[in-house]
1. So how much slack lies between GLN178 and THR88, counting 0.36 nm per residue of separation and subtracting their Cα-Cα distance, in nm?
2. Compute from the Cα atoms of segment 228-293 the Rg and the Dmax, the latter being the longest Cα-Cα distance, and quote both in angstrom.
3. Taking Rh as the Kirkwood radius, which is the inverse of the mean 1/r over Cα pairs, what is the Rg/Rh value for segment 81-171?
4. May I ask for the percentage of alpha-carbon pairs in segment 139-269 that lie more than 21 Å from each other?
5. How far is it, in nm, from the label point at THR119 to the one at GLN286 when both lie 7 Å from their Cα along the line to the Cβ?
6. At R0 = 25 Å, how high is the FRET efficiency between ASP112 and THR202 if r is their beta carbon distance? Nearest 0.05 is fine.
7. How long is the gain from GLU298 to GLU246 if the chain were fully straight, where each residue apart is worth 0.36 nm and the alpha carbon distance is subtracted?
8. What FRET efficiency would be calculated for the residue pair LEU103, ASP235, taking the C-beta separation as r and a Förster radius of 51 Å, to the nearest 0.05?
Amino acid sequence: YLARSVLCDGHQDMIFTTDPFQFVYTANLSDSLGVQGGVNTATETAIESLVQSGGTIGFPQLVGDPPSYLRQVSVMTIAEATVEVQETIIGTYCSDGLTFSMLTWMDAYMQDFGVEATTSCTDIRHKCQEVMAVKAVCPQTCGCDNPFGDALQIDSTGGCPPKCLKEGRWESILQPLQCQDMTLEHLESTTFWPLWVKEFDTLIGQMAKGFDGAAENICQDFDSNCTKMFAQGCDFVPLWKVKIIEYLGDQYQPDPCSGKYFGVGLATVLRPFAPLCPETCGCIEQPDQTTFIEEDKEVAICPATCAASAMSSEGTSSMNESNESED
């Protein structure tokens with residue numbers, strides 16, 4: 001009844017679907033969508049056409065079963081929904097988008113996560129790691145375009161719009177950084193590091209459920225607690241690579257420096273360690289390193305100053321060789 005009265009206004013010639021963030025998209029079952037055959041075929045055709053054309057935002061998902069003539073079909077992945085929110089609903093590619101209409105919806109949505117009132121992205125910043133929809137709606141506040149943003153998972157499957165990495169802010173922050181590893185003391189004094197450690201604990205717990213004994217084997221030197229290993233800062237990089245190769249095999253090529261903690265080809269992409277650990281990650285030897293956080297979104301991960309360090313290192317090496325030959 002709710003679906004019919006609120007979404008349909010009594011009409012039976014429309015269908016709706018929700019994306020993974022629970023936004024509702026609606027479409028009319030009309031000849032213009034090429035609808036033929038039964039209800040199921042009509043619904044699927046309408047939804048596919050709706051998604052391709054952008055669709056319209058309606059209401060949060062309604063509680064209860066919809067009438068039998070409304071078939072709820074979910075066709076969007078989290079990554080697709082992230083793009084839809086930014087490009088269709090907000091109308092940008094990587095911007096905080098709590099406009100008036102969006103704010104009303106987000107305020108109601110976030111109450112399910114213990115937030116009493118949402119008036120701006122700042123109010124829900126502490127939920128960037130927990131609620132993927134927050135990253136989709138407030139990507140700048142969550143740091144999707146910042147090498148040192150709040151959220152550890154920054155690909156679109158984690159809620160960050162993919163074009164955030166092409167907006168230029170990522171490289172503008174990265175380029176002037178010193179080509180030196182951040183000390184653990186420095187990391188622990190930042191706002192982002194404790195958040196990364198906490199999110200890593202959550203993510204590794206979820207992933208370990210699918211691999212019996214994974215934590216015990218990979219992190220046995222840290223009381224089988226992988227979060228303790230992650231909390232070692234730059235020392236985590238070589239420790240993790242060795243243990244993952246021992247556990248999964250070297251065919252996966254795990255590389256925290258580029259964000260591929262579990263290796264090439266595995267879905268989840270986390271923060272690259274290279275911006276905070278350029279020396280450990282070999283940025284002096286190879287200053288032009290990049291990574292694909294999204295399939296077609298290549299970004300730099302080494303500070304631009306590493307190129308100068310590389311030239312200086314080469315010059316020093318040449319001078320030493322010259323002095324040795326003179327001796």
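Only the coordinates and a few stated rules stand behind these numbers; no lab work does. The structure presented is a predicted model; accordingly, all values stated were derived computationally and were not measured. Heads up, the Cβs are rebuilt from the backbone with ideal geometry, glycines too, and the neighbour counts pull from every protein chain shown.
1. Answer, rounded to one decimal: 28.5 nm.
2. Every Cα atom of segment 228-293 included, Rg and Dmax give 11.3, 31 Å.
3. So for segment 81-171, dividing Rg by the Kirkwood Rh gives 0.94.
4. Values: 3669 of 8515 pairs.
Beyond 21 Å sits 43 percent of the P(r) for segment 139-269.
5. Each label point lies 7 Å from its Cα, and together they span 5.0 nm.
6. After rounding to 0.05, the efficiency reads 0.90.
7. This chain segment gains 15.9 nm when fully extended.
8. 0.75
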